[in-house]
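The values are calculated or read from the model by the stated rules, or taken from the named source; none is laboratory data. Since the model is a prediction, treat every value here as computed from it, not as a measurement. Glycine also receives a Cβ, built like all others from the backbone with ideal geometry; neighbour counts cover every protein chain displayed. The area values use the complete protein model at the heavy-atom level, side chains included, leaving out ligands, DNA and RNA. Shrake-Rupley method; radii C 1.70, N 1.55, O 1.52, S 1.80 Å.
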Amino acid sequence: MAYDRALLSSILRQMERQHDQYEAEAEERRYRLTHTIPRLGEIDRELRATSAKAMRIAFESNNTDAAIDQLRARNLELQAEKRRLLLDNGYPADYLAVAEDCPVCHDTGYDGSKLCRCVKQKAAELQKQKLSSLLPVDQETFDTFQLDYYSPQPDSRFNVSPRELAAYNFQTCSRFAEQFGSSYENLLLYGSAGLGKTFLSSCIARSVTERGFSVAYDTAISVFDQYNRVKFRGGDPSGASEALERFRSADLLIVDDLGTEMPSAFHTSCLYDLISGRLMRRLPTILSTNLLPAELEPRYSAAIASRILGEFTQLRFIGSDIRKIRKKQRL
């Protein structure tokens with residue numbers, strides 16, 4: 001899984017600040033209690049001394065095991081006395097311990113040499129929040145997808161009904177989300193506006209994000225705008241560079257409304273860079289567009305059309321605009 005480096009850095013810094021706060025609070029409690037219960041201070045000093053003795057014995061003594069066992073026994077005695085003192089004075093036994101949010105990594109963010117699951121969970125939550133500002137991932141789920149919006153009557157142009165195609169598209173997208181991470185696939189969702197392309201993209205984004213994978217979503221216009229800012233140093237080039245890195249390295253990239261941007265050789269080169277790079281790294285991509293497959297080559301290039309048509313599973317959407325149907329139902 002590829003996690004956004006800026007997001008991870010932010011999470012780890014926040015964890016470090018929280019840990020520092022917990023240590024400061026524990027130190028304040030210790031300072032206050034050692035003045036009212038002096039024996040606690042004596043125990044802490046002796047515990048620190050036993051640690052120093054253990055290190056010295058490890059280097060100097062010929063009877064290391066016996067000496068260390070003796071120090072360990074004394075250490076346990078002191079800790080037990082410390083707990084009794086706290087309980088006898090009305091405090092929890094762990095009152096002076098430094099609080100921890102994660103017992104696995106002890107708030108370091110790492111379980112051994114790997115990222116702790118608590119960091120991955122925080123990353124998934126923050127990614128979902130970010131996606132929620134762009135997509136209605138909280139409302140649009142596979143469970144709320146309704147085939148009733150699609151006509152069961154066969155379309156003479158395609159010899160299939162919109163509902164049959166929608167059912168196939170739903171099953172393909174559901175399988176894509178379920179198998180994400182264990183199989184490799186790219187999707188091309190195409191058809192007129194208002195037929196559920198963005199809805200199913202949102203369902204996939206939610207499902208994949210909740211499983212801890214990184215998802216980058218944006219419209220084609222915004223993606224190309226980030227390329228423009230990096231190349232011509234406009235706006236916030238550093239922020240644009242971070243955005244491009246997300247687009248290039250996210251476990252899943254979803255580009256919506258491909259074809260709504262102004263045609264240009266620059267945009268074509270950007271699209272080639274993005275798609276080719278992700279194909280080479282076998283990072284799944286979803287493209288959503290109103291363009292037909294036959295329109296990709298004239299719009300972009302033969303090289304781009306070849307990569308999309310050859311490497312992407314094509315899902316066609318037909319039928320009536322669902323947004324208009326919903327509007328009529330509300331009247």
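Data overview
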{"read-out": "Per-region count, segment 27-37, residues under 17 Å from Arg83 (Cβ atoms) and not polar (S, T, N, Q)", "value": "4"}
{"read-out": "Residue within segment 226-247 that is under 19 Å from the mean Cα position of the chain (by Cα) and among the aromatic types (Phe, Trp, Tyr) present", "value": "yes"}
{"read-out": "Unmet criterion (only one of (1) in a strand (DSSP E or B); (2) free of Cβ contacts under 8 Å to residues at least 24 places away in the same chain; (3) not aliphatic (A, V, I, L, M)) for Asp218", "value": "(2)"}
{"read-out": "Residue check, Ile308 in contact with a Leu (Cβ under 8 Å, 6 or more places away or on another chain) and over 27 Å from Ser183 (Cα atoms)", "value": "no"}
{"read-out": "Residue in segment 240-252 that is assigned to a strand (DSSP E or B) and either closer than 27 Å to Ser182 by Cα or among the β-branched types (Val, Ile, Thr) (or both) present", "value": "yes"}
{"read-out": "Matching residues, segment 148-183, being of a type in the set (D, E, K, R) and more than 28 Å from Gln329 (Cβ to Cβ)", "value": "Arg175, Glu178"}
{"read-out": "Selection from segment 274-292 of residues that are closer than 17 Å to Asp251 by Cβ and in a strand (DSSP E or B)", "value": "Thr285, Ile286, Leu287"}
{"read-out": "Output for segment 181-196, where each listed residue is open to solvent by less than 10 Å² (accessible area, probe 1.4 Å) and not small (Gly, Ala, Ser)", "value": "Asn186, Leu187, Leu188, Leu189, Leu195"}
{"read-out": "Complete set of residues in segment 255-292 that are farther than 24 Å from Gly181 by Cβ, open to solvent by 40 Å² or more (accessible area, probe 1.4 Å) and not polar (S, T, N, Q)", "value": "Asp257, Met262, Pro263, Ala265, Phe266, Tyr272, Asp273, Leu292"}
{"read-out": "Some residue of segment 321-329 being among the hydrophobic types (A, V, I, L, M, F, W, C), open to solvent by 30 Å² or more (accessible area, probe 1.4 Å) and not in a loop (DSSP other than H, G, I, E, B)", "value": "yes"}
{"read-out": "Which numbered condition Ala205 misses (of (1) touching a helix residue (DSSP H, G or I) at 6+ places or on another chain (Cβ under 9 Å); (2) within 27 Å of Leu292 (Cα to Cα); (3) in contact (Cβ under 8 Å) with a residue 60 or more places away in the chain; (4) surrounded by fewer than 24 Cβ atoms within 10 Å (Cβ to Cβ))", "value": "(4)"}
{"read-out": "Complete set of residues in segment 172-204 that are part of a loop (DSSP other than H, G, I, E, B), among the aliphatic types (A, V, I, L, M) and in contact with a strand residue (DSSP E or B) (Cβ under 7 Å, 6 or more places away or on another chain)", "value": "Leu195"}
{"read-out": "Any hit, segment 60-73, residues being modelled with pLDDT under 90 and closer than 27 Å to Asp20 by Cα", "value": "no"}
{"read-out": "Hits in segment 1-13 (condition: open to solvent by less than 60 Å² (accessible area, probe 1.4 Å) and assigned to a helix (DSSP H, G or I))", "value": "Ala6, Leu7, Leu8, Ser9, Ser10, Ile11, Leu12"}
{"read-out": "Residue within segment 293-314 that is buried (at least 19 other Cβ atoms within 10 Å of the Cβ) and not in a helix (DSSP H, G or I) present", "value": "yes"}
{"read-out": "Which listed residue is open to solvent by 50 Å² or more (accessible area, probe 1.4 Å), at pLDDT 90 or above, in a helix (DSSP H, G or I) and not aromatic (Phe, Trp, Tyr), from Glu125, Glu16", "value": "Glu16"}
{"read-out": "Among residues of segment 208-254, those that are closer than 15 Å to Ile286 by Cα, of a type in the set (Ser, Thr, Tyr) and surrounded by 19 or more Cβ atoms within 10 Å (Cβ to Cβ), counted", "value": "3"}
{"read-out": "Residue within segment 21-43 that is open to solvent by 40 Å² or more (accessible area, probe 1.4 Å), within 30 Å of Leu126 (Cα to Cα) and either modelled with pLDDT under 90 or of a type in the set (A, V, I, L, M, F, W, C) (or both) present", "value": "yes"}
